[in-house]
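A short worksheet on the structure shown next.
Coordinate-derived values only; no laboratory data. In this text the structure is predicted, and so the values were computed from the model without any measurement. A quick note on method: Cβ atoms are made from the backbone with ideal geometry, for glycine too, and the neighbour counts reach across all protein chains shown.
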There are 2 protein chains.
Amino acid sequence: MSHSLLTIDGLQYSNWSRGIFEQMREGGVDAVHATLVYHENCRETLLRFGEWQRRFEQHSDLIVPVREASDIELARESGRVGVFFGAQNCSPIEDDIDLVGILRRLGLLIMQLTYNNQSLLACGCYEAEDSGITRFGRQVIREMNRVGMVIDMSHSAEHSTLEAIEISERPVIISHANPYSFHPAKRNKSDDVLRAVAQSGGLLGFSVYPFHLKHGSACTLEDFCAMVADTAELMGVDHIGLGTDLCQAQPETVLTWMRNGRWSKATDYGEGSAAAAGWPEPLSWFSDNRHFPNIARGLRQKGFSELDVEKIMGLNWLHQLTEGTRPQPGTVI
Amino acid sequence: MSHSLLTIDGLQYSNWSRGIFEQMREGGVDAVHATLVYHENCRETLLRFGEWQRRFEQHSDLIVPVREASDIELARESGRVGVFFGAQNCSPIEDDIDLVGILRRLGLLIMQLTYNNQSLLACGCYEAEDSGITRFGRQVIREMNRVGMVIDMSHSAEHSTLEAIEISERPVIISHANPYSFHPAKRNKSDDVLRAVAQSGGLLGFSVYPFHLKHGSACTLEDFCAMVADTAELMGVDHIGLGTDLCQAQPETVLTWMRNGRWSKATDYGEGSAAAAGWPEPLSWFSDNRHFPNIARGLRQKGFSELDVEKIMGLNWLHQLTEGTRPQPGTVI
């Protein structure tokens, strides 16, 4: 495999270990958006930062924190994986707008406004009714714009997503999902949303999580790359990247927690079902971090130019982070 | 007054306002150790950081955050007051050693191990028995050493202070107190402690809080400067500075809260008494931030060389922060 192709994965939530970081290097991954939290409140989010401080110190030969986009180049030059953080939900800021800036300073570069359910900011993609961005949500969007925290609507509902894009003065992203036209999952996105994301200057990160794919675990590399090509036509090749949603080595208890947090006594099966409650079977051509070169190969075979492959594999994410995480002038973080 | 004398105040807890920041500039203050919290837990400490973010943005022409010692020079060059943060107690870290690094990253450069009472780390100066540094305390001292957070024993008891100095591999400071030999207050420090602080490479910041002074509010500038001269002989002129303990414009409710936090239903009067429960009358020659030049003048009159005056007014604090807040190699904050 070649390490010359900048590779950035736009979402993972793995059971982090030295072995996984080594696989990332083998697969040529230069930077990864690591989910820091799902349901954690502010105090619990600090626990997660604490765990990462330890990882950065224990595995300093393999990983390095990304506090600003330029750190990705430094990571690459030193042959390490740059790790940047995002929250899959707005739970870390609780009801306090000041926490946006404080968490940004600690290194939270990306935040979803909601995770499947209604949040204090917006509506999730599993709710029956979507009343859009809340009063608090409007304020938080402006504050995220100000401090340079990227707005991610991956798990949000349609109307909320379109409204967030309208309110935000900076690009809005979908870090990990696929087009609904490719596979009609609740988590996948309509053409309207994808067009609006592109018009905002944002990005869609393609997921390889089988529940987001046509034919599920049997989806072929060719199917996947055909979807990428169709989306490139819809959104423009500058607005697409990867967001694998890889959850390596996570026990099923974590999946259950991701789906249920502490909000339900009944069991919610998310994208699965009672009959298929566990992790789906991984793809044959993308089962761990060593397989990123397969995607690059598939894109080339599909006919993408080398520059377009570079954009999709990493350059577009680098651009998003460079532009999206710069605090506005006069902002103290 | 001259702005050419680097002036650093080693402790204030004022009811911060534009007027106070303006007085600081009038008094030639280049940097101030602002108490961020007394009794606040971790989550509440973030509220205080949030308030300061707003202040830095609203008064960006007057104040600027000091995240590392070199920011003090930048503040000075731009004619603004650099603000660096300390906690008067270890309450912000709760029972979690990872919070030391996280709070350091947010800008907490100094932390006291205890405030008057027993804490999870050490014993305060008002307890009847002092059992020294706790098991958790030993770990936190090493972690503070590692991340570059200065250990401050201003409100700690004698044995705990001496033990902290023994355990710490980096200098230990007393940011605001005076020698017990000058005035026998519980908060003032024995010659043993002062010698040990100096031997550790640390610093004593002289307080102008009347309860720490001979003759209280009637203490003269000459009395004060004689104390400074005696202490310079005991500790060496490289180990003394200012720590005024100025609490400008604070209502008496805040004084009561400082003394009682939420730990007592009975009223503790701290250094006051039931008959004199309120703030003491300020000194005539140091009632607000405009009066720093009086101290410099007094020191010159007492016979200190210009270099020694510079050391006491600010250079020694700058040195402490420069040396004391540098994280150890391999430390990720």
> Computed FRET efficiency, Cβ-Cβ of B:THR267 and A:GLN199, R0 41 Å: what is it to the nearest 0.05?
Replying inline: 0.05
> What are the semi-axes of the equivalent ellipsoid for the protein assembly as shown, taken as the square roots of 5 times the Cα gyration tensor eigenvalues, largest first, in whole Å?
Replying inline: 54, 23, 23
>> Just to be sure I understand: chains A and B are related by a rotation, so which residue of A has its Cβ closest to that axis, and how close in Å?
In response: A:ARG43, 3
>> If each DSSP helix of 4+ residues adds -39,500 (n - 2.57) and the sum is divided by the residues in chain A, what number results at 222 nm, nearest 500 deg cm²/dmol?
In response: -11000 deg cm²/dmol
> Kirkwood Rh over Cα pairs of segment B:203-333 into Stokes-Einstein at 4 °C, 1.567 mPa s: D in µm²/s?
Replying inline: 77
> How far apart, in nm, are the 7 Å Cα→Cβ label points at A:SER78 and A:SER287?
Replying inline: 3.3
> Can you give me the relative contact order of segment B:141-236 as a percent, contacts being Cα pairs under 8 Å and 6 or more apart?
Replying inline: 24
>> Using a 7 Å offset from Cα along the direction of the beta-carbon, what are the separations from A:GLU129 to the same position in each other copy, nm, ascending?
In response: 6.3
>> Suppose you put the label 7 Å out from Cα in the Cβ direction; list, shortest first and in nm with one decimal, how far B:GLU73 is from each other copy's label.
In response: 2.5
> For segment B:8-324, rounded, prolate or oblate, judged on the Cα gyration tensor with a ≥ b ≥ c (square roots of eigenvalues), a/c < 1.5 rounded, else prolate if a/b > b/c?
Replying inline: rounded
>> Along each principal axis of its Cα atoms, how long is segment B:1-111 end to end? Whole angstroms, biggest number first, please.
In response: 46, 24, 20
> B:LYS311: which aspartates and glutamates have alpha carbons under 13 Å from its alpha carbon, excluding same-chain residues fewer than 8 sequence positions away?
Replying inline: B:ASP9, B:ASP238
>> So the label point sits 7 Å from Cα along the Cα-to-Cβ vector; using that for A:GLU22, what distances do you get to the other copies, in nanometres, sorted shortest first?
In response: 6.5
> How high is the relative contact order of chain A, given as a whole-number percent (alpha carbon pairs under 8 Å, six or more residues apart)?
Replying inline: 21
